[in-house]
Amino acid sequence: MFVDISAKQGKNIDQLLASVILTADAALELTANPDMDAQGVAIESHLDRGRGPVATVIVQRGTLHVGDSIVVGDAHGRVRRMLDEFGEDVEEAGPSRPVQVQGLSGVPGAGDNLLVVEDDRVARQIANQRDARKRSALQAKQRKRVSLEDLDKVLQETSTLNLILKGDNAGSVEALEEALLKIEIDDEVEVNIIDRGVGAVTQTNVTLAAASDAIIIGFNVRADGKATEEANAEGVEIRYYSVIYQAIEEIEAALKGMLKPEYEEQTLGQAEIREIFR
């Protein structure tokens, strides 16, 4: 069931509430078990300068406590602090309760699953496995395979500008990605976003950029020390922006520079050979 709503305009809010009640009446069992290890999903995350990685999560089943060892996507850690929707500290969060969680090793992505595990060691192992799977899938995606169906496209030799996007929160990265993909210059050139993420530019991002000839764009974030050293060694360009329109303008200018030159013949004059001297 889908309901088109707008909280700003107050559109279809009554219809949304009626749909929720109808769904609750139709379902047989909607009660979550609060007496188990918490499971949930991250709906937003960002890198706070004072608090570090902060993830907004909704607990779907179980109860999340301060001090629990958790895994959220490929990030792990121990719940150091939880805040409710009013910015007040809470010690536990039951089913369907949204909270801001601090204490993660990195910034998870929107939609990543949250799990409570036994200890920090298990959390680190699960996070490393997820990160390895993510990198393997990304590398497999980058491998070029030519088939008869896409042979014509390969022969056209379309120039591609590979980009890696890093930002201070998931919303700004999504907005920047959407704006860059909308740039239309010519059929000869195109933008390809090979990776995106929230947080500082890491050594892994630089390694991927070096392998795929990509440019790294940092939006309101910087690169850490090791990433800067490797970028200088590998010749990877990292561009920093704080205004989204400036990034769009520079990428658009770069795409125009990738266009192949068009040759046009212009007649400057005519010459007549009157005599040949050997």
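Residue by residue through region 246-265, note down the ones that are part of a loop (DSSP other than H, G, I, E, B) and either at pLDDT 80 or above or basic (Lys, Arg) (or both).
Hit for region 246-265 is Lys260, nothing else.
Which condition breaks for Asp112 when tested against (1) in contact (Cβ under 8 Å) with a residue 12 or more places away in the chain; (2) surrounded by fewer than 18 Cβ atoms within 10 Å (Cβ to Cβ); (3) among the charged types (D, E, K, R)?
(2)
Go through (1) out of contact with any Lys or Arg (no Cβ under 6 Å at 6 or more places or on another chain); (2) at pLDDT 90 or above for Arg130 and report which single condition fails.
(2)
Which members of region 56-72 meet the condition of being in a loop (DSSP other than H, G, I, E, B) and open to solvent by less than 10 Å² (accessible area, probe 1.4 Å)?
Matches in region 56-72: Gly62 only.
Looking only at region 79-102, count how many residues are free of Cβ contacts under 8 Å to residues at least 60 places away in the same chain and surrounded by fewer than 16 Cβ atoms within 10 Å (Cβ to Cβ).
10
Could you please let me know if Ala123 is farther than 18 Å from Arg61 by Cβ and touching a helix residue (DSSP H, G or I) at 6+ places or on another chain (Cβ under 7 Å)?
no
Taking the condition of being more than 25 Å from the chain's Cα centre (by Cα) and assigned to a helix (DSSP H, G or I), how many residues in region 84-143 meet it?
3
Kindly establish whether Arg239 is under 24 Å from Pro108 (Cα atoms), surrounded by fewer than 17 Cβ atoms within 10 Å (Cβ to Cβ) and out of contact with any Cys (no Cβ under 8 Å at 6 or more places or on another chain).
Answer is yes for this residue.
Just to verify a result, which residue in region 195-235, among those that are in a helix (DSSP H, G or I) and among the β-branched types (Val, Ile, Thr), is surrounded by the most Cβ atoms within 10 Å (Cβ to Cβ)?
So the residue we want is Val206.
Across region 20-40, what is the number of residues that are among the small types (Gly, Ala, Ser) and either closer than 28 Å to Gln100 by Cβ or modelled with pLDDT of 90 or more (or both)?
Looking only at that region, the number is 4.
Could you tell me whether Val41 is of a type in the set (Val, Ile, Thr) and surrounded by 22 or more Cβ atoms within 10 Å (Cβ to Cβ)?
In short, no.
Condition test on Leu255, is it surrounded by 13 or more Cβ atoms within 10 Å (Cβ to Cβ) and in contact (Cβ under 8 Å) with a residue 24 or more places away in the chain?
Here the answer is yes, as Leu255 does meet what is asked.
If you take the residues of region 176-193 that are more than 12 Å from Lys166 (Cβ to Cβ) and under 15 Å from the mean Cα position of the chain (by Cα), which of them is surrounded by the most Cβ atoms within 10 Å (Cβ to Cβ)?
Of everything passing the filter in region 176-193, Leu180 is surrounded by the most Cβ atoms within 10 Å (Cβ to Cβ).
Being at pLDDT below 70 and either of a type in the set (A, V, I, L, M, F, W, C) or in contact with an Asp or Glu (Cβ under 6 Å, 6 or more places away or on another chain) (or both) is true for just one of Val154, Val189. Which residue is that?
That would be Val154, the only listed residue that is at pLDDT below 70 and either of a type in the set (A, V, I, L, M, F, W, C) or in contact with an Asp or Glu (Cβ under 6 Å, 6 or more places away or on another chain) (or both).
The values are calculated or read from the model by the stated rules, or taken from the named source; none is laboratory data. In this text the structure is predicted, and so the values were computed from the model without any measurement. Neighbour counts run over all protein chains shown; Cβ positions are idealised from the backbone, glycine included. Accessible surface areas use protein heavy atoms only, side chains included; no ligands, DNA or RNA. Shrake-Rupley method; radii C 1.70, N 1.55, O 1.52, S 1.80 Å.
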